[in-house]
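**Q** Below: one structure in structure tokens.
The values are calculated or read from the model by the stated rules, or taken from the named source; none is laboratory data. What you see is a predicted model; the values in this text were computed from it and never measured. We place every Cβ from the backbone using ideal geometry, glycine too, and count neighbours over all the protein chains shown. Note: accessible area is taken over every heavy atom of the protein model, side chains too, but ligands, DNA and RNA are not part of it. Shrake-Rupley method; radii C 1.70, N 1.55, O 1.52, S 1.80 Å.
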Amino acid sequence: MKKYLVYFVALATLLYIFAPVGLLRAQTCNPDELKPVSYGQRGAAVRNLQACLIEAGYNIPAGATGYYGPQTVNAVKQFYKEWYGAWHGRSVGPQGVSKLKELVSGVKPTEEAKPSTQPSGVSTEVLAQVLQKIQAGDVQGALSLLLSALAGTGVQVPTTTEQATTTQQATTTAEGLTPGVPGLLSAEVDPSVSGVTVREGESATVFGIRFRADSGAVAVKSLVLRWDPSNPAAPHRILSKLEVVDDKDNVLYSTNVNPTTFLQDASLNYYLPVSGLNVIVPANQYKSIFVRVTLVGTLPSTVSPNSSITFQVKGSDIRGVDGTGSTLSASASPDPLKPNFTVQPTIAGSANLVASRNTNSPRAGYVFATDQVNNKAQDVVALIVDLLAKNDNLRLTNMTGRVSNTSTVERIKVKIGNSSVVATPDSSGNFSVNLTPLNLVVNKDQTQSVTVYVDLANATFTPATFTVAVSTTTAQNTLGDTKDYTTSVTSEVLSFLKAGPVFSVVDKGLVLKGKKDSSQNITTTTVDSVRYVISVTANSGDVYIPTSSAVSVSVQKLDGTEVASTTLNVVSVDPVGTEVSGAYYRIPQGSTVRFEFVATPQQDITGNLTLRAKVKGISWSPDKTTTVTADFVSTDYNYWTNPVTPAKPPPTKAFNALFS
């Protein structure tokens, strides 16, 4: 019995809908109520648009259903084609509304249709037969008879997907909403996404909109993203894709941006209707959606580095539905919302090379020749440059610079393993080294050291000074863009000699004595003795050390003020028996001799002082005729020789020892 009751209710519903009275009446067009609408939207505004399109002669097979679906898209395409041109059909904007209103207002009303012999509904005879079949238990037969009778009328039977969807959604409540419970909707910019920078061709989530429902739950159905007029270019010139995602990264809306994706209002400002969201905001809780964009591969020249891109979202442009079925707008704070993000025109524009001189670069000192016949030195380290890549990986392709002495510096080299590239300075000392064969890549936010070698010529016993400077380094980023970066780094002043020593301090000492007055207070400090033990190695030729006054010393206060100076004489030599030639000790090439230098100045200085001793210079000769003094005070020399990777050059602090 219950089964028959179900069938009876179903039949009764059909009879109610498709009765001859025609309760499903045709929607009439009201031009004055036409409004902009878009794909996926539902309601009276869509139904009125559909009725006006039908009245203007554009076919929508399902009729004015109130749902903007594929059939409505096709009708809108045909409508726009006749007065505007090619159009995607997914929306009707202010210009379209104006044109359609003009069109339907000019259509003359047709003469009222006269009654036809063909009924507009189901005849009473057929209804009687249907009831008889129900009473006889033939419910299936009753249904077949009724549907057969309806097929001959002008009544539309829901058969298409669009109609079925419309009918279903019109009779059900959205999931998550409490039927009959009203709600309030508010919106603000989600603070969890801010300060985002996007580069050409990159994708990123750039901002979020946070909704709150008060009193009852609300389903957010659609919104409009407005392109701020202050933006430096049209949206399709900056964006290639736009997506709206939820807090779980589910894509709610997606579109490839082209010249017709964003619509334009009467003031030619761009806007994008986003529909089909159905974001359920629980009562008295928050829910966010996020906008993710992809930038075009090449931004226009009007977009400068760090350009700000701003959207506007008005509260009235956010539409939702509450449990009563009422359509809501949001209360935005502020109104409009103005989320923004930053774009970079190119990776090459933001990438950078930061250069500095490596601490292991040669300090001011001497570099000595090894080829005694030709007076040359090859592969001498002159400068080590540290290159830090910012924002992108950079492949080094070229390096330019200048040498200060072309008669001494014959060639510039950069070597990686067994591979090297060579450049010859021009008459002005300028050089350019092609680094491409070395395949030197500096990874993003990392440092690569580049060692610059020199080949030297024309060594004499008189020092020839030179410097090597790097001016620019050319590099290619990951997109293939090439740019010259200013990398100004200069070596210290280096010298080139035919022969010379390397000094190393082995031991040192300073003895001070205090003199007391009658009150037993120390009023005078006496420099009793100064002692240094220094080893000397001869490179690229014999080296000669004077037998007297070879080392000069400065006695200073801790602030660097000199209070006394003295010269030290040799008191012992190791190995014993080192050859004396004239007024010099001879150190054969490649040999090392340790000298003990001592002075006893017995110099009085007023006050009870803490003093230090510092080597001012060491005298030596390459030929017992030319005297060269290494000035440690003014330049803090570390002596370098070829090969230019000594085990460990003597530290500067060896000459700055503090004694008390």
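**Q** Would you pick out the residues in the range 242-268 that are open to solvent by less than 70 Å² (accessible area, probe 1.4 Å) and not polar (S, T, N, Q)?
**A** Leu242, Glu243, Val244, Val245, Asp246, Leu252, Tyr253, Val257, Phe262, Leu263, Asp265
**Q** Output yes when any residue across the range 508-519 is farther than 30 Å from Leu611 by Cβ and touching an Asp or Glu at 6+ places or on another chain (Cβ under 9 Å), and no when none is.
**A** Just the residues of the range 508-519 that are farther than 30 Å from Leu611 by Cβ, to begin with: none.
Checked the range 508-519: no residue is farther than 30 Å from Leu611 by Cβ and touching an Asp or Glu at 6+ places or on another chain (Cβ under 9 Å).
**Q** Sticking with this structure for a sec: Within the range 529-567, how many residues are part of a strand (DSSP E or B), over 18 Å from Pro501 (Cα atoms) and either open to solvent by less than 40 Å² (accessible area, probe 1.4 Å) or not hydroxyl-bearing (Ser, Thr, Tyr) (or both)? Steps first, answer last, please.
**A** In the first step, residues of the range 529-567 are kept if they are part of a strand (DSSP E or B); the result is 529-539, 543-546, 551-557, 562-567.
Still in the running and over 18 Å from Pro501 (Cα atoms): 529-531, 553-557, 562-567.
Retained after the next criterion (residues that are either open to solvent by less than 40 Å² (accessible area, probe 1.4 Å) or not hydroxyl-bearing (Ser, Thr, Tyr) (or both)): 529-531, 553-557, 562-564, 566.
Residues in the range 529-567 being part of a strand (DSSP E or B), over 18 Å from Pro501 (Cα atoms) and either open to solvent by less than 40 Å² (accessible area, probe 1.4 Å) or not hydroxyl-bearing (Ser, Thr, Tyr) (or both): 12 in total.
**Q** Can you tell me which residues in the range 290-307 are in contact with a strand residue (DSSP E or B) (Cβ under 8 Å, 6 or more places away or on another chain) and either without any contact (Cβ under 8 Å) to a residue 40 or more places away in the chain or part of a loop (DSSP other than H, G, I, E, B) (or both)?
**A** Let us first name the residues in the range 290-307 that are in contact with a strand residue (DSSP E or B) (Cβ under 8 Å, 6 or more places away or on another chain), namely 290-297, 299, 303, 305-307.
Residues satisfying the conditions are Val296, Gly297, Leu299, Val303, Pro305, Asn306.
**Q** In the set Asn231, Asn258, which member is farther than 22 Å from Arg319 by Cα, without any contact (Cβ under 8 Å) to a residue 24 or more places away in the chain and assigned to a loop (DSSP other than H, G, I, E, B)?
**A** Asn258
**Q** Here is a follow-up. Every residue in the range 446-467 that is surrounded by 15 or more Cβ atoms within 10 Å (Cβ to Cβ) and either among the small types (Gly, Ala, Ser) or assigned to a strand (DSSP E or B) (or both), please.
**A** Gln448, Val450, Thr451, Val452, Tyr453, Val454, Asp455, Leu456, Ala457, Ala459, Ala464, Phe466
**Q** Just give me the residues in the range 577-587 being part of a loop (DSSP other than H, G, I, E, B), open to solvent by 40 Å² or more (accessible area, probe 1.4 Å) and closer than 20 Å to Val551 by Cα, in sequence order.
**A** Narrowing the range 577-587 to residues part of a loop (DSSP other than H, G, I, E, B): 577-579, 582-583.
With the extra rule that they be open to solvent by 40 Å² or more (accessible area, probe 1.4 Å), the set shrinks to 577, 579, 582-583.
Within the range 577-587, Glu579, Gly582, Ala583 meet the criteria.
**Q** Only one of Val414, Val403, Val385 is under 18 Å from Ser495 (Cα atoms), touching a strand residue (DSSP E or B) at 6+ places or on another chain (Cβ under 6 Å) and crowded, with 18+ Cβ neighbours inside 10 Å; which?
**A** On the way: Val414 fails: under 18 Å from Ser495 (Cα atoms); Val385 fails: under 18 Å from Ser495 (Cα atoms).
Residue meeting the stated conditions: Val403.
**Q** Only one of these conditions is not met by Phe461: (1) at pLDDT below 95; (2) in contact with a Pro (Cβ under 8 Å, 6 or more places away or on another chain); (3) within 14 Å of Thr406 (Cα to Cα). Which number is it?
**A** Phe461 satisfies all of (1) at pLDDT below 95; (2) in contact with a Pro (Cβ under 8 Å, 6 or more places away or on another chain); (3) within 14 Å of Thr406 (Cα to Cα) except (3).
**Q** Filtering the range 63-92 down to residues that are assigned to a helix (DSSP H, G or I) and aromatic (Phe, Trp, Tyr), which residue is surrounded by the fewest Cβ atoms within 10 Å (Cβ to Cβ)?
**A** Kept after step one, since they are assigned to a helix (DSSP H, G or I), are these residues of the range 63-92: 70-81.
This time we only want the ones that are aromatic (Phe, Trp, Tyr), so: 79-80.
On the way: Phe79: 23, Tyr80: 20.
Ranking the candidates gives Tyr80 first.
**Q** Step by step: first the residues of the range 278-296, then only those that are of a type in the set (A, V, I, L, M) and within 20 Å of Ala204 (Cα to Cα), then the one that is surrounded by the most Cβ atoms within 10 Å (Cβ to Cβ). Which residue is that? Spell out the reasoning first.
**A** So the first thing to find is which residues in the range 278-296 are of a type in the set (A, V, I, L, M), and the list is 279-281, 283, 289, 291, 293, 295-296.
Keeping just the survivors that are within 20 Å of Ala204 (Cα to Cα) gives 289, 291, 293, 295-296.
Working: Ile289: 21, Val291: 22, Val293: 24, Leu295: 22, Val296: 18.
Ranking the qualifying residues of the range 278-296, first place goes to Val293.
**Q** Testing Thr28 on (1) part of a loop (DSSP other than H, G, I, E, B); (2) surrounded by 14 or more Cβ atoms within 10 Å (Cβ to Cβ); (3) without any contact (Cβ under 8 Å) to a residue 60 or more places away in the chain; (4) not acidic (Asp, Glu), one condition comes back false. Which one is that?
**A** It is condition (2) that Thr28 fails.
Here is a yes/no grid of residues against (1) part of a loop (DSSP other than H, G, I, E, B); (2) at pLDDT below 95; (3) over 20 Å from Asp247 (Cα atoms); (4) in contact with a Ser or Thr (Cβ under 9 Å, 6 or more places away or on another chain):
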position: Thr173; (1), (2), (3), (4): yes, yes, yes, no
position: Gly176; (1), (2), (3), (4): yes, yes, no, no
position: Val181; (1), (2), (3), (4): yes, yes, yes, yes
position: Glu188; (1), (2), (3), (4): no, no, no, yes
position: Ser194; (1), (2), (3), (4): yes, yes, no, no
position: Gly201; (1), (2), (3), (4): yes, yes, yes, yes
position: Thr205; (1), (2), (3), (4): no, no, no, no
position: Phe211; (1), (2), (3), (4): no, no, no, yes
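**Q** Now for a different question. For Val373, work out the one condition from (1) more than 30 Å from Gly617 (Cβ to Cβ); (2) modelled with pLDDT of 85 or more; (3) surrounded by fewer than 18 Cβ atoms within 10 Å (Cβ to Cβ) it doesn't fulfil.
**A** In the conditions (1) more than 30 Å from Gly617 (Cβ to Cβ); (2) modelled with pLDDT of 85 or more; (3) surrounded by fewer than 18 Cβ atoms within 10 Å (Cβ to Cβ), Val373 misses (2) alone.
**Q** So, one more: State all residues of the range 317-326 that are open to solvent by 30 Å² or more (accessible area, probe 1.4 Å) and either within 30 Å of Thr478 (Cβ to Cβ) or in a loop (DSSP other than H, G, I, E, B) (or both); if no residue qualifies, say none.
**A** Of the residues in the range 317-326, the ones open to solvent by 30 Å² or more (accessible area, probe 1.4 Å) are 319, 321, 324-326.
Matches in the range 317-326: Thr324, Gly325, Ser326.
**Q** Being farther than 28 Å from Val321 by Cα and either within 26 Å of the chain's Cα centre (by Cα) or at pLDDT 95 or above (or both) is true for just one of Leu268, Leu295, Leu263, Leu272. Which residue is that?
**A** On the way: Leu268 fails: either within 26 Å of the chain's Cα centre (by Cα) or at pLDDT 95 or above (or both); Leu263 fails: farther than 28 Å from Val321 by Cα; Leu272 fails: farther than 28 Å from Val321 by Cα.
Answer to the check: Leu295.
**Q** At least 3 residues that are more than 30 Å from Ser203 (Cβ to Cβ) and β-branched (Val, Ile, Thr) in each: list the strands (runs of 3 or more DSSP E) lying fully within the range 327-445 that qualify.
**A** 377-390, 409-416
**Q** Filter the range 199-211 for residues that are surrounded by fewer than 21 Cβ atoms within 10 Å (Cβ to Cβ) and over 25 Å from the mean Cα position of the chain (by Cα) and give the result.
**A** Within the range 199-211, Arg210 is the sole residue that qualifies.
**Q** Take the range 468-488 and flag every residue that is among the hydrophobic types (A, V, I, L, M, F, W, C), open to solvent by less than 10 Å² (accessible area, probe 1.4 Å) and over 30 Å from Val373 (Cβ atoms).
**A** Quick first cut of the range 468-488, residues among the hydrophobic types (A, V, I, L, M, F, W, C) only: 468-470, 475, 479.
Applying the additional criterion that residues be open to solvent by less than 10 Å² (accessible area, probe 1.4 Å) yields 468, 470, 475.
Val470, Ala475 - these are the residues of the range 468-488 that are among the hydrophobic types (A, V, I, L, M, F, W, C), open to solvent by less than 10 Å² (accessible area, probe 1.4 Å) and over 30 Å from Val373 (Cβ atoms).
**Q** Go over the candidates Ser331, Ser308 one by one and state the one that is out of contact with any Phe, Trp or Tyr (no Cβ under 9 Å at 6 or more places or on another chain), of a type in the set (S, T, N, Q) and open to solvent by 10 Å² or more (accessible area, probe 1.4 Å). Explain how you work it out, then say what you get.
**A** Values: Ser308 fails: out of contact with any Phe, Trp or Tyr (no Cβ under 9 Å at 6 or more places or on another chain).
Only one candidate passes the filter, namely Ser331.
**Q** Return only the number of the condition from (1) under 26 Å from Thr460 (Cα atoms); (2) of a type in the set (Gly, Ala, Ser); (3) at pLDDT 85 or above that Ser634 does not satisfy.
**A** (3)
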